[in-house]
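Okay, structure first, notes after.
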Amino acid sequence: MNLSKMIDLANGSGGTLYVMALLLLVALTVIIERSRHLLHTQRAGEDLMRLLRDDPQLRSPAAQGQLERHAGQPQARMIGAMNREDRLVSRETAAGHLEEALMHEAPLLDRSLWVLDTVITLAPLLGLFGTIIGMFRAFSVLDDVQNGASQVTGGIAEALIATACGLFIAMLGLLFFNWLSTRVRVIVHQLETIKVMLLNRREALDTTSGPRLKAA
């Protein structure tokens, strides 16, 4: 299929194929950007969880290097929030502050996924709309008695391309949307786990250092 034929098909769909090409570009941009970001964040969470298990006090040069390396990640910000916490406050207060920090981080993880969700819903509808316009064009040839049935069926086949394109974009988007949503859930679970690990580490340090005063 040459370029002129593709342009003719796009024009025959009422321009909806142009819009779907734009939707595909937007979907691929979101998929690539979110995939790279979430995979990097997930790996950072795995590193920091391993670090908390191996070095609970995070005092070794290696631990400090890891924290500095992942400073921009939500898991590292959770650890920073605990490190800034007053040692005199109760576990319940510290847990509340960590939960607040987690609630600030969670909405940032699924940023832009609503765009992919919109593309998944919109692409098949645009494809159907383009097919309907193409059908009108295909049946318009019946006004001329010299046109044969082959022209009508050929026009219908071309009109269905819009629906096929819309379904393809939706299926591709749905596949990656579910995969990205799973990555978000994994990272949120990492944040919850790190919160519990930090609270347990704090309690263990308080136990070894003697009685802890209650905050007024």
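The values are calculated or read from the model by the stated rules, or taken from the named source; none is laboratory data. Quantities reported herein were computed from a predicted structural model and do not represent experimental measurements. In this analysis, Cβ positions are derived from the backbone assuming ideal geometry, glycine residues included, and neighbour counts consider all displayed protein chains. Areas reflect the complete protein model, heavy atoms only, side chains present, ligands, DNA and RNA absent. Shrake-Rupley method; radii C 1.70, N 1.55, O 1.52, S 1.80 Å.
Comparing 101, 52, 22 along the charge dipole axis of the stretch 21-111, the residue lying farthest to the positive side is 22, per the Cβ-charge model. Geometric descriptor of the stretch 7-92, per residue, is 141 Å³ (volume of the convex hull of the Cα atoms).
Using a 1.4 Å probe on the protein chains only, how many percent of the accessible area of the stretch 26-117 belongs to carbon and sulfur? On the stretch 26-117, the fraction of accessible area on carbon and sulfur atoms equals 55 percent. Using a simple spin-label model with pseudo-atoms 7 Å out from Cα toward Cβ, residue 87 and residue 160 lie 7.4 nm apart. Between residue 60 and residue 36, the distance separating the two model label sites (each 7 Å from Cα on the Cα→Cβ line) works out to 3.2 nm. For the pair the stretch 91-123 / the stretch 21-63, the C-alpha centres are spaced 15 Å from each other.
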